Amino acid sequence: MPRRRGAPVRSVARGALALLLVAAGISHVTWGRRGYRIVVPDWATKMLHTDKDAIVVASGAAEVLLGVGLVALPRERRRVGAAVAAFLVAVFPGNVHQWRTGRSAPGLSTDRARFARLFLQAPLVAWAWWSTRE
């Protein structure tokens, strides 16, 4: 299949997104683990019948796997991209919860930063979608 125009740019964008996901995932299961529990809404623990720590670890593991999948599974690129976009939509309520409660988490220690983070989610979803479509 011939390469389409823009494919190298999408490839670089996909690799950058993969690095971002892997780094975020690693932070969820290591140094930031305790701080990220603040982002998990109480209703999520009730709905999933688990605790906040398990949700943070599971989301971190999912981020690592999705990031690796973006580069390691080229034949599944579109599906992995859709999964990344869906994951980013699924974690958005945690971002809203963090902003509404005004609680700090790693890298988000001001109301301004927490509010700005809300507007980052849509470009991340678009990034995942665009970089996996050719």
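The values are calculated or read from the model by the stated rules, or taken from the named source; none is laboratory data. This is a predicted model, so every value here is computed, not measured. Quick reminder, even Gly has a Cβ in these numbers, built from the backbone with ideal geometry, and neighbours come from all protein chains shown. The accessibility values were calculated without ligands, DNA or RNA, using every heavy atom of the protein model including side chains. Shrake-Rupley method; radii C 1.70, N 1.55, O 1.52, S 1.80 Å.
Multiplying the residue separation of residue 34 and residue 47 by 0.36 nm and removing their Cα-Cα distance gives an extension gain of 2.6 nm. Only four residue types carry charge here, +1 at the Cβ of Lys and Arg and -1 at the Cβ of Asp and Glu. Report the dipole size of the stretch 31-134 about the Cα centre in Debye, rounded to the nearest 20. Its charge dipole is roughly 100 debye. Each of 38, 109, 130 was placed along the dipole of the chain (beta-carbon charges, centred on the mean Cα), and the one lying farthest toward the positive end is 130. Rolling a 1.4 angstrom probe over the protein heavy atoms with all chains in place gives the chain an accessible area of 61 Å² per residue. Size of the stretch 13-52: Rg and Dmax of its alpha carbons, in Å, are 12.9, 37.
Let me make sure I get this right: for the stretch 39-134, a, b and c are the square roots of the gyration tensor eigenvalues over alpha carbons, sorted descending. Under 1.5 in a/c it's rounded, otherwise prolate if a/b > b/c, else oblate. Which is it? Oblate shape, in that a/c is at least 1.5 and b/c is the bigger or equal ratio. For the stretch 74-134, the share of accessible area belonging to carbon and sulfur comes to 62 percent (1.4 Å probe, ligands and nucleic acids excluded). Measuring r between the beta carbons of residue 73 and residue 111 and using R0 = 30 Å, the FRET efficiency lands at 0.15.
Think of it as helices only: each DSSP H run of n ≥ 4 in the chain is worth -39500 (n - 2.57), and spread over all residues that comes to -24000 deg cm²/dmol at 222 nm.
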